[in-house]
Amino acid sequence: MACLLEAPLRISVLSEVTATSRHYVDRLFDPDPQKVLQGVIDMKNAVIGNNKQKANLIVLGAVPRLLYLLQQSSSSLELRTECSVVLGSLAMGTENNIKSLVDCHIIPALLQGLLCPDLIFIEACLRCLRTVFISPVTPVQLLYTDSTVIPHLMSLLSRSQRTQEYITQIFSHCCKTPEHQTVLFNHGAIQNIAPLLISPSYKVRMQALKCFSVLAYENTQVSMTLVNVLVDGELLSQVFVRMMQRDQPIEMQLTAAKCLTYMCRAGAIRTDDSCVVLKTLPCLVRMCSKEHLLEERVEGAETLAYLMEPDVELQRIASTTDHLVAMLADYFKYPSSVSAITDIKRLDHDLKHAHELRQAAFKLYASLGSNDEDIRKKITETENMMDRIVSGLSESSIKVRLAAVRCLHSLSRSVQQLRTSFHDHAVWKPLMKLLQNAPDEVLVMASSTLCNLLLEFSPSKEPILESGVIELLCSLTQSDSPALRVNGIWALMNMAFQADQKVKGEIVRCLGTEQLFRLLSDPDTNVLMKTLGLLRNLLSTRPHIDQIMSSHGKQIMQAVTLILEAEHSIEVKEQTLCILANIADGNTAKELIMTNDDMLQKIKYYMGHSNVKLQLAATFCISNLIWNEEDGSQERQDKLREMGFVDILHKLTQASDPNLSDRAKTAMQQYLA
Amino acid sequence: MSGQSSGCGFLMSVVVHGDSVLNEQEKELNQRLRRLYPAVNENETPLPRSWSPKDKFSYIGLSQNNLRVHYKGMTPRHTQAASRVLLLHRYMGIGLSAQGVNMNRLPGWDKHSYGYHGDDGHSFCSSGTGQPYGPTFTTGDVIGCCVNLINNTCFYTKNGHSLGNDLRQQSQYPNLYPTVGLQTPGEVVDANFGQHPFVFDIEDYMREWRTKIQAQIDRFPIGEREGEWQSMIQKMVASYLVHHSYCATAEAFAKSTDQAVHEELASIKNRQKIQKLVLSGRMGEAIETTQQLYPNLLERNPDLLFMLKVRQFIEMVNGTDSEVRCLGGRSPKSQDSYPGSPRPFSSPSHKASSSQPYLPGFDSNCCNGVTSNKSHSSSPHSHKPCPPGSGSTLPASDISLNGSRSQQPISSSDVDMEVDHFTNGVTESSSNGFLNGSSKHATEPDDCDADMEVESAQSKRQLCGGSQAAIERMIHFGRELQSMSEHLRRECGKNSANKKMLKDAFSLLAYSDPWNSPVGYQLDAIQREPVCSTLNSAILETHNLPKQPPLAQAVGQAAQCLAIMARTGSGSCAFASVDDYLH
């Protein structure tokens, strides 16, 4: 004990303070238990609200002694209770205090204390545990290491309002993962906590509500159970609706709205249920209004974004509710110019929340605009919106950058916006910059947005090409993340669509045939589809087909064969047959098929396939091979006739599918001419 | 066309071409309107219940009890508008307008007219050019309009969703009427002025504003220096106690709050004595004592004297007046059963004193009638000095002091409490045993009622206590009263109040059991209170003291103020009722 104080520098400053502190600690070692008790009580009074004193006592080693006294069964209950009160008081100090307490194994000691039958002592232990567990520095896992703890806490819920408040607060702070949710769920958290929602104590109701919000988050099992729970004869969802009434405290309204949002997203409540459409959604929109605290506005916007993400109808309603789109523009006005001059404290507060506000607004805009063209238009027409996104893309906070790029991505689904505002504000520039060096989650969004910007009709396509994007995209296709590989190859596919020879050559050169074929055997079907799409776009217009096939014909034919022979979905095979049809359209490339009897047999097989799409693609391929006006068409027609293709074509002219029969008839005409 | 007069803000929604059944639900409508417009006096400003058949253009037709509107014109009106009529977009607007605006135009286009139009979702504010406001609306949509007179805003709703405040319409809304305009042939609009529940949760919206207003009241700043506020409250309490002659309490309160009492103790005690006599039904003694202590008072107030005498007559019938009591009637219980003075606001609880928070130097043991045993934890600033209404008819209520409020049923342990009070160091000089602080409301079950029931069970209540001599005395007294009345009329002219008073009193004799007769209410002890209060006020006036305690006056002023606010369309009064603060 006190060894740290031997350092001479400290003694000069602290000697006076520590002398009294040391006295407090010394008294804990008195042989007379009565004096020890008085010592603990005096210590309690000395530390309340005094962080310096708390730190001193911790340094002087009071914690292990207090814990010892707390655990000693020979100690009187009163002493043990006072010890836990002092420890709770120490925990109220700084984060360092909490760390020291946790290092001294305070948690197992207090959990052990809960086994005592005395309610006052239990409450003191729980209060202290609560304070320790709600600190961000405490590892939540400590609650789950002993498997008997959770059931015991559940059983203590019936003891008093205090135990209810502390335990539910511990639960809501320590439920961070799906595993935690499952553990709590399996120990009857729902049945045990639901009745607390109508407790006479506001604190208990509030903490119970918080518990449900963390339990239901992205958890179908919990959410599905919650919808059927009755509290005093009333459905839980109705209890939550009542808690959202506009005269309830904001914290309660917001948390109840979260519960319903999570239940809805987990599929337990329909998105067109009136408790979502007429209660939760308006409540969350209200939370975004200026009259609320910045934290509440952030939480409200994020929750609302999450609620309506998958549902266009909710997006439409929200977009017209209380001028939400315009209201969100206020989120970018922090710190406001007024606060900077008048109030330093306010400025500090604003600054702290400015990032959070911006990212929340971007998220909500992203969610609002993810489906409806009119809403996107409304968003881009909001004051300075595009400028805000552009500057958001280069903000220091990753959260803001990610949210800004999500918003941009959402808006980039609009053809009109791509043609107008996106081009006007040169959003591709910061976007490209963002792609250079960003964490994966940002990269996924950014590259996905880039895909849209590279669409053929996008005016941004040209400048992006000139900025050396191909290399970047090719490197993305080598990523470990399937999402990044898809986006990389997708963007290349879009880029290759109706591109000139130079660009196509650049893509092939940069990507390399080896990588191209590696992508053709990618485990992710999306990657495969987009790679086939790229191939198809590369192999368009005759000169391009011939040129690429002359240099890479062998590998491409090999890859096509492999895919057609392997187990793949109809879509993949169709895309592959389309590539084949493109090859058949080339002048010299045709021969690669005509000389490959195996391939011709495969085409024949697909012409007789049960799926019309595959039949159509295969017929298209044959039609290209026998097209009259080209050199050597007569020989090809003869060869194919010999192989029995005419009979098949003849049969297909009778096909019930009009497209297929038309295509077959056109092909037949080549023979007649 | 517009709906009928609106007083204090209004709500309505229209269902575009809805075909809801419009069965008469008058009762529901009235109930809903009362809930939605708590401060509107419909006698002064009736609320809209349907469209006005007068204020409409000839192309507009009405049906379904004037709730359904349809367009009868064959071609769209307004050439400048016609070009904008698309097949998909119904040309229709809802909004507000003053009386007398041109009914041949859509709401919003003219002066004093505001509207939200379905074809473009724009809002029009006394102008032909609209501003983007909300979404478009069409067949099947339910559009609502809400005017908030607290912050003078207006917003529309679509299918139960608020579209947000229409900033352009942020102005005063004096006497605007809900209005709807149509100009597509065959167009039909159904209106709901409260006949059905609104799709938009207006009750929830009101809850929020109620909470806001009440929070505003609770947090109202009460001057720079806290001490001033405190001493003002103390003065009000003290003056109230003095006014109602809670003598010992007033003295103790004044002592512990360090203030001067502006009336001599003896004078207070005199008034208390008289009041006690009146309240115990001993009118004869009361009149005598008044004449002794305040000579000339009754001579100068013949109407007051008449009123006292009429009351005396009633008490004779009751058998409680001293003149008939001494004639062999049973001994009245009245003194015990109706102790103390006029109704105080609450009964004290001595138990509370140890646990409740109170201001320094404020001994709650002494503040008779204003202590509480249920302490609200609100700060001392938040309390409202809200004693009950003015004059003689004080409603049963308690006042809140110290931010703490009490409402406790009156228990039968009054005597214990009194003892407690006396032992609480209150100097007691009178031998008459002032029954400080214990109070009875006839509206609550109290000893008084209990006693009466017991009595009637034992022996049936009899006229003048059952004594023949007393009855004769009573009849003789009645004759005197009659001649006094005639004398009064000759001297001072006709007085219908006096006439009625006498008639009612004499009517008691027409029934064999006056207590259970239609005029039997006069025999109720509670009827002594107005008499007592009037007499007390008259005495105080002769001493140049206010005839009403400032506390009661403040409450009266607050109530009056709210009424004026309601009349001038100041919306927040709807959520601030004096009664909310008097429990």
Handout entry: Failed item, numbered, when A:ASP387 is tested on (1) away from chain B (no Cβ under 14 Å); (2) surrounded by 18 or more Cβ atoms within 10 Å (Cβ to Cβ)
Key = (2)
Practice task
Would you list the strands (runs of 3 or more DSSP E) that sit entirely within region B:91-197 and hold 2 or more residues that are within 13 Å of chain A (Cβ to nearest Cβ)?
Solution key: B:142-148, B:153-158, B:161-165
Problem - Complete set of residues in region A:282-298 that are in contact with a Ser or Thr (Cβ under 9 Å, 6 or more places away or on another chain) and closer than 24 Å to A:HIS409 by Cα - result: A:LEU284, A:VAL285, A:ARG297
Problem - Meets criteria (assigned to a loop (DSSP other than H, G, I, E, B) and either in contact with a Ser or Thr (Cβ under 9 Å, 6 or more places away or on another chain) or at pLDDT below 85 (or both)) for A:SER540 - result: yes
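In region A:378-405, which residues are more than 23 Å from A:SER289 (Cβ to Cβ) and among the charged types (D, E, K, R)?
A:ASP387, A:GLU395, A:ARG401
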Practice task
From (1) buried (at least 19 other Cβ atoms within 10 Å of the Cβ); (2) free of Cβ contacts under 8 Å to residues at least 24 places away in the same chain, pick out the condition that doesn't hold for A:ILE579.
Solution key: (2)
Fill in the blank from the handout: Among residues of region B:248-271 being over 25 Å from B:GLY556 (Cβ atoms) and touching a helix residue (DSSP H, G or I) at 6+ places or on another chain (Cβ under 8 Å), the residue modelled with the highest pLDDT is B:ASN270
Problem - Members of region A:110-165 found to be more than 21 Å from A:GLU179 (Cβ to Cβ) and among the aromatic types (Phe, Trp, Tyr), listed by number - result: A:PHE121
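Would you confirm, using the coordinates I've provided, whether B:ILE274 is touching a helix residue (DSSP H, G or I) at 6+ places or on another chain (Cβ under 9 Å), in a helix (DSSP H, G or I) and modelled with pLDDT of 85 or more?
The answer is yes for B:ILE274.
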Practice task
Kindly provide the set of residues from region A:415-434 that are charged (D, E, K, R) and free of Cβ contacts under 8 Å to residues at least 40 places away in the same chain, ordered by number.
Solution key: A:ASP424, A:LYS429
Completion exercise
Among (1) over 30 Å from B:MET474 (Cβ atoms); (2) out of contact with any helix residue (DSSP H, G or I) (no Cβ under 8 Å at 6 or more places or on another chain); (3) basic (Lys, Arg), B:ARG490 falls short only on (1)
Handout entry: Criterion: part of a helix (DSSP H, G or I) and in contact with a His (Cβ under 9 Å, 6 or more places away or on another chain) - qualifying residue of A:ALA617, A:ALA581, A:ALA664
Key = A:ALA664
Practice task
Residues being of a type in the set (Val, Ile, Thr) and under 12 Å from the mean Cα position of the chain (by Cα): count how many of those fall in region B:544-568.
Solution key: 1
Completion exercise
Taking region B:110-159 and keeping residues closer than 18 Å to B:THR184 by Cα and either out of contact with any Gly (no Cβ under 9 Å at 6 or more places or on another chain) or among the polar types (S, T, N, Q) (or both) leaves B:THR136, B:THR138, B:THR139
Handout entry: Which listed residue is within 17 Å of A:GLN112 (Cα to Cα), hydroxyl-bearing (Ser, Thr, Tyr) and under 29 Å from the mean Cα position of the chain (by Cα), from A:THR145, A:THR163
Key = A:THR145
Practice task
Please determine, by comparing only the residues of region A:234-276 that are within 13 Å of chain B (Cβ to nearest Cβ) and of a type in the set (S, T, N, Q), which one is farthest from A:ARG205 (Cα to Cα).
Solution key: A:SER274
Exercise for the section: Would you mention how many residues in region B:200-221 are in a loop (DSSP other than H, G, I, E, B) and within 8 Å of another protein chain (Cβ to nearest Cβ)? Expected result: 1
Completion exercise
With criteria (1) under 30 Å from B:LYS27 (Cβ atoms); (2) among the small types (Gly, Ala, Ser); (3) at pLDDT below 90, B:SER162 comes up short on (3)
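The values are calculated or read from the model by the stated rules, or taken from the named source; none is laboratory data. Just so you know, these numbers come straight off a predicted model, no measurement behind them. Cβ: placed from backbone, ideal geometry, glycine included. Neighbour counts: every protein chain shown.
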